[in-house]
Structure formats: C-alpha cells, structure tokens
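*Asks:* One structure follows; several queries about it will come next.
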Amino acid sequence: MLAIDSERLTKRYKGSSIAALNDVSIKVESARIFTLLGRNGAGKTTFVRMAATQLMPTFGSISVLGYDAVRQAKQVRQLISVVPQEGRPLRALTPWDHVYNWLQIRGEDKKIAKEKTEDILQKLELMQFRDRPAMNLSGGMKQKILVAMALAVDAKLLFLDEPTIGLDPVSRRQVWAAIKDWKAKGGSILLTTHYMDEAEILSDQIAIIDKGSVVAEGTIHDLRKIIPQNTRIDVAKDGLDIDMLKSYGSVVDTGAGTLRVFTFESSIRELSELALKRNLPFTVSPVTLDDVFVYLVGNLESGGQRA
Amino acid sequence: MMLPVRQAFLIAYSTGILWLRRNPSSLFFSAISPFSLLFVLFVISNGQYSQFAIAGSLVMALVGYGLALGQDISFYKTEYKIQDVFVASPVSPLTYMMGLALSELLFGLPALTVLAALVVYFGASVFNIPLIIATILLLWSSMSAMGFFLSSHMLHMRNATQVISFVNVILAVLPPVFYPIANLPDSLRYLSYAVPTTHASLMLQHSMGLPTPAEWSLGFGYAVQIAYLVGFVVLAKTKAIWRET
C-alpha cells in the first residue's frame, strides 16, 4: 500500500491568481522517507498540509495510507503525526509536559506514555531539560520538543515540515537518528527540508518542487544523473568568457559572483590552468544534490541563472 | 473515561492548570478586570445600582471569559501553529474547543465565584443557586462556542482581538445587562430579547428579587439561552474552520 498517493493535486489560495501547487502527482511508498525539496514558497508546505488533512485541495485527489484525505480525514488523522513548519511549543510547558500530555491526548495510557516520553527525551537529549518551561529553552530545544511530540506518537506516517530548522549540527544528527529509528520500525515519512545534506542522508526518494510543480523526482542516484557531467568547477565570474566555458559543459551562474561549470574529469586540468593563468580563485568537487537543485531551480531572484 | 472527555480535560490541564501553576499571578490579573465596572457603578450610584452592577459584571465576565477562548485559539493557530498539530490528530474540533474553554473557565473561576457569591449576598436565596449556576454554564458555553467559531475565521491575531472586542460591546454593554430593561423604549426592549445576555442578566436579576418585565419569564430566558447554546455549538461544529480551505 502507498503511504501517499496524489493525483493532479492543485491548490489555489483565495485571492491568488497563481496556483501554490499545480497538478502534482506523487507516490510515496510505505516504510520509506520521501523528501520534498524546494525553495521558499515552492509549494512544499502546501503539499504537506493537504496530505496531513490540514488544508483542502482546490483540485485533484490525495489518499493517505489508503484513505481519501478529503473525505476520510478522520481515519487519516488516527494514523499520522506532524511537525508543523515554524511551530512553537507552549511557553509554560516543559518538554515532559508536551510529550507526556500529548501522548495521553492521543490515547496512550499513563504507563506507556511515561515510557515513550522518557525514551524520546533521551534520544533527543532533552531529558536533562525535562522540567524546564519552554520559555527558558533555546530555539533549537523548542524545535526538538515539537519533533519529540511527533516522533513519540505511534503513527504510521510522519509529516516533518523542516524539522531541523534552527538546530545545531549535533542536534540535527540526533533528530536524524531518531527519524531513522522511526523508519526502521516500519513507519513512512514525508519530509521537507532546505538542507541538502539532510535530504542526502535521510531520503529514499526525493521530489524537487519549483513554483508549485514537480521538476524532478527519483532517488539521489537518479537525480544526480540529471546533470550529465560528474564534476563541477566553481570559478570567479570576472573576466571569463561564458561561451568559452560552455564548450566544457553546462554553466550555471550561482548568483554569488561565481560561475559553476559542470564538466567531466578530463576537463579539470584545462579549466584549472585557465583560472590559474588569470589568477581567479576556483574549487573542484564532485556533483552533489545541491548542484542538481541549483541546476534545476537556481534561476530565480537570488540572481542565479543558467548562463 | 471516554477519550474525548479525557482529551478535553488534558487540554485544559495543559493550557490552564500547568500555566497557572507556573504563573500564579495571571490568576490575580484575570480575576480583577470584571470588578472594574462594578466598582465604578457602585461608587457613582452610592450603592443603589449594586444589584444591576453585580448581575451585569457577572454577565460581562462570562462573555469575556467565553470570548477569550477565541483569542487563545487565534494565538495557538497563528502564532504557535500548535493547532495544526491538533488538526492532524484524532482530536475533534469540539473537543479542542471544550478543552480550551475549560482552561479559560479556570482563569475566570475566582472572579466568577466572587460575583456569584455577591449575587447570593445581594438578595438571591440559596434555593436560587441552581438557577445562578445554570445561567453561568449556559452563557459560558454559548460564548465559548461563539468565540471558537469567530476565531476560526480569523487569519490574524489582531483581527481576532478587534472582532472579539466589538462582539463584547454588542453583547455586554449595549443590551440591558447593567441597567434595567424598563429603561429601554418598547421597540428596543423587544429587540433586546433577541440577545442572549439580556436573558442571562434578567435571570440573575430575578434570582436577586429585582422586578422583571411582565412579558418575560424564567422559561423564556432558559429557552432563548438554550437555543443560542445549541445554535452556537452547531455553528462551531459545522461552520468553524478546522481544516483550512
């Protein structure tokens, strides 16, 4: 059974002439981590909110764990758990209060709720702050409380909308480990993130969304093949002839004063010498998911564009 | 305990009792405001208007605590986004509403207890205590349901605060809540019977032995209050926005 199956899912918000999400068809397999990657406003959260029964679609269909997310929302809600984007815990409540009470609200008895609360607070290293009100915790700790609430629930499908935003590198890894544990128990996850490393480490499948539409979908391996070359060279923009660079492969303006040339290993030496001759700084590295992302959607207002 | 009831109590515990345990001063601050108008009316009328002022203050407090639910809900929805967590869970909108309404009631309990005690002190017999409690529960429930309905349609916290302040004036200041209904001309008097707070105030005035109009009766008051309660709960259940559109 598919965890999520959307067909031509479209959302047009009232008063807006542009669709926030347009004709999106996605299939998320069970017991997998499916990641939506996209820039701010690309439509990731809109998709998550419709799948999580928080928002009505304008057009199209979406089923979650075999239930129609529009007509059978009640059944869907029994089986899911969410971390909302930019959510905040309640100021006066401690991490323990949030998780323990939430588990009881979700129907767990006190004994199991206590065990699960202890377990997740340990995993996310919140145990030492268990009795400290959220108002006295750092932004990262607050975010971890929301993640703990979602992960502690015995759900079949987890929606994580930018769950590690604002977390330090160590905390991010704790959250990743908890997410992987959750998946190992057979759970499915729909994740949205801006962090490419997070997507690379966690995802079984990725969809890149841009301006409300899916522009690419597949495994990390599949997505890397979108760029035919296997190497990239970032070189300072000044004084280089773009047409000349294009003879080595694809060229993307990163918008940060550098041009990114996707090329083959055989051209590295030649390009490096070219940059050295002109005294231009450059870096060489293998193609990453970040490159694929910039290659597909990097032609927007940040200044980046396919050169 | 049935799950929705347990859920409602747990929501009230989390948002009410735990908050008060860690911020006990907020109990004092939320208890003081219903007495401000009572104090002014008591002073300027040399105590002559005390009974009307007590009935009015109790009604105004109930409207305030009920509608404050709307502000809480707007806050949890737009600022904390915590409502999204509840929407995507087995908690129903009515359970969520009940939980937060109970929480608001906790904040209002000291003021409501003192005002109800003043109603008894200023003329109500102990036999009228069930009537006073019924009036309190009916008005608090219907105002909570209305607060929930209104706030669910508000996209911004500021809108919610403005609309709720406006509704507060419409329900607790303009109708004969603080003053005798006999002061109104006939046309406005009959119009005021369409407002639930008029009946709540008349029921309290009646319990304190104040004269009530010949065309009004306790049964009429109950009927209107119950009709409003059912109407607002149905409105909250069917027309409040839980899943956004």
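*Asks:* Residue check: is residue A:105 more than 13 Å from residue A:151 (Cα to Cα) and either at the interface with another protein chain (Cβ under 7 Å from one of its Cβ atoms) or touching a residue at least 12 places away in the same chain (Cβ under 8 Å) (or both)?
*Replies:* Considered against the rule, which asks whether it is more than 13 Å from residue A:151 (Cα to Cα) and either at the interface with another protein chain (Cβ under 7 Å from one of its Cβ atoms) or touching a residue at least 12 places away in the same chain (Cβ under 8 Å) (or both), residue A:105 comes out as yes.
*Asks:* Is there a residue in the range B:22-37 that is more than 20 Å from the chain's Cα centre (by Cα) and not in a helix (DSSP H, G or I)?
*Replies:* Yes, the range B:22-37 contains at least one residue that is more than 20 Å from the chain's Cα centre (by Cα) and not in a helix (DSSP H, G or I).
*Asks:* Going through B:126, B:63, B:87 one at a time, which residue ends up being β-branched (Val, Ile, Thr) and modelled with pLDDT of 95 or more?
*Replies:* B:87
*Asks:* Give the residues of the range A:62-97 that are closer than 27 Å to residue A:41 by Cα, of a type in the set (Gly, Ala, Ser) and touching a residue at least 40 places away in the same chain (Cβ under 8 Å), sorted by residue number.
*Replies:* Result: A:63, A:81, A:87.
*Asks:* Considering only residues of the range B:203-245 that are farther than 29 Å from residue B:94 by Cβ and outside any loop (DSSP other than H, G, I, E, B), which is farthest from the other protein chains (Cβ to nearest Cβ)?
*Replies:* Among those that are farther than 29 Å from residue B:94 by Cβ and outside any loop (DSSP other than H, G, I, E, B), it is B:206.
*Asks:* List every residue pair whose Cβ atoms lie under 6 Å apart, where the two residues are 6 or more positions apart in sequence or sit on different chains, the first residue falls within the range B:79-104 and is over 18 Å from residue B:19 (Cα atoms), and the second residue, located anywhere, is part of a helix (DSSP H, G or I) and among the small types (Gly, Ala, Ser).
*Replies:* B:95/B:8
*Asks:* Being closer than 24 Å to residue A:148 by Cβ and either of a type in the set (Gly, Ala, Ser) or more than 10 Å from every other protein chain (Cβ to nearest Cβ) (or both) is the filter here, so list the residues in the range A:65-88 that pass it.
*Replies:* Selection gives A:65, A:81, A:87.
*Asks:* Here are B:70, B:64, B:99, B:56: which of them is within 11 Å of chain A (Cβ to nearest Cβ), on the phi < 0 side of the Ramachandran plot, assigned to a helix (DSSP H, G or I) and among the small types (Gly, Ala, Ser)?
*Replies:* None of the others qualify; the one that does is B:99.
*Asks:* While we're looking at this one, here's another question. Whether any residue in the range A:21-30 is more than 24 Å from the chain's Cα centre (by Cα), part of a loop (DSSP other than H, G, I, E, B) and more than 14 Å from chain B (Cβ to nearest Cβ) is what I want to check.
*Replies:* no
*Asks:* Testing residue A:163 on (1) touching a strand residue (DSSP E or B) at 6+ places or on another chain (Cβ under 8 Å); (2) at pLDDT 95 or above; (3) not hydroxyl-bearing (Ser, Thr, Tyr), one condition comes back false. Which one is that?
*Replies:* (2)
*Asks:* Which of (1) of a type outside the set (Ser, Thr, Tyr); (2) closer than 19 Å to residue A:200 by Cα; (3) within 12 Å of chain B (Cβ to nearest Cβ) does residue A:37 not meet, given it meets every other one?
*Replies:* Here residue A:37 clears every test but (3).
*Asks:* Out of the residues in the range A:151-174 meeting the condition of being without any contact (Cβ under 8 Å) to a residue 60 or more places away in the chain and surrounded by 24 or more Cβ atoms within 10 Å (Cβ to Cβ), tell me which one is nearest to the chain's Cα centre (by Cα).
*Replies:* Once the filter is applied, the top-ranked residue is A:164.
*Asks:* Another question about this same structure. Out of (1) hydroxyl-bearing (Ser, Thr, Tyr); (2) over 23 Å from the mean Cα position of the chain (by Cα); (3) more than 10 Å from chain B (Cβ to nearest Cβ), the odd one out for residue A:61 is which?
*Replies:* (2)
*Asks:* Something else now. If you go through the range A:111-131 one residue at a time, how many are surrounded by fewer than 18 Cβ atoms within 10 Å (Cβ to Cβ) and either within 11 Å of chain B (Cβ to nearest Cβ) or β-branched (Val, Ile, Thr) (or both)?
*Replies:* Here the count works out to 2.
*Asks:* Name the one entry in A:288, A:254, A:283 that is more than 20 Å from residue A:39 (Cα to Cα) and polar (S, T, N, Q).
*Replies:* A:283
*Asks:* Sticking with this one: Condition check: within 14 Å of chain A (Cβ to nearest Cβ), touching a residue at least 60 places away in the same chain (Cβ under 8 Å) and of a type outside the set (Lys, Arg). Does residue B:37 satisfy that?
*Replies:* When the stated conditions are applied, residue B:37 does not pass them.
*Asks:* Name the residue that is surrounded by the most Cβ atoms within 10 Å (Cβ to Cβ), counting only residues in the range A:45-67 that are hydroxyl-bearing (Ser, Thr, Tyr) and in a loop (DSSP other than H, G, I, E, B).
*Replies:* By that ranking, first place goes to A:53.
*Asks:* Within the range A:214-246, track down each residue that is part of a strand (DSSP E or B) and either touching a Pro at 6+ places or on another chain (Cβ under 9 Å) or crowded, with 16+ Cβ neighbours inside 10 Å (or both).
*Replies:* Matches in the range A:214-246: A:214, A:215, A:216, A:217, A:231, A:232, A:233, A:234, A:235, A:236.
*Asks:* Continuing with this model, one more query. For the range A:68-78, which positions are of a type in the set (A, V, I, L, M, F, W, C) and either touching a helix residue (DSSP H, G or I) at 6+ places or on another chain (Cβ under 8 Å) or buried (at least 23 other Cβ atoms within 10 Å of the Cβ) (or both)?
*Replies:* A:69, A:76
The values are calculated or read from the model by the stated rules, or taken from the named source; none is laboratory data. Everything numeric in this text was worked out from a predicted model, so none of it was measured. All Cβ positions, even for glycine, are placed from backbone atoms using ideal geometry, and neighbour counts span all protein chains on display.
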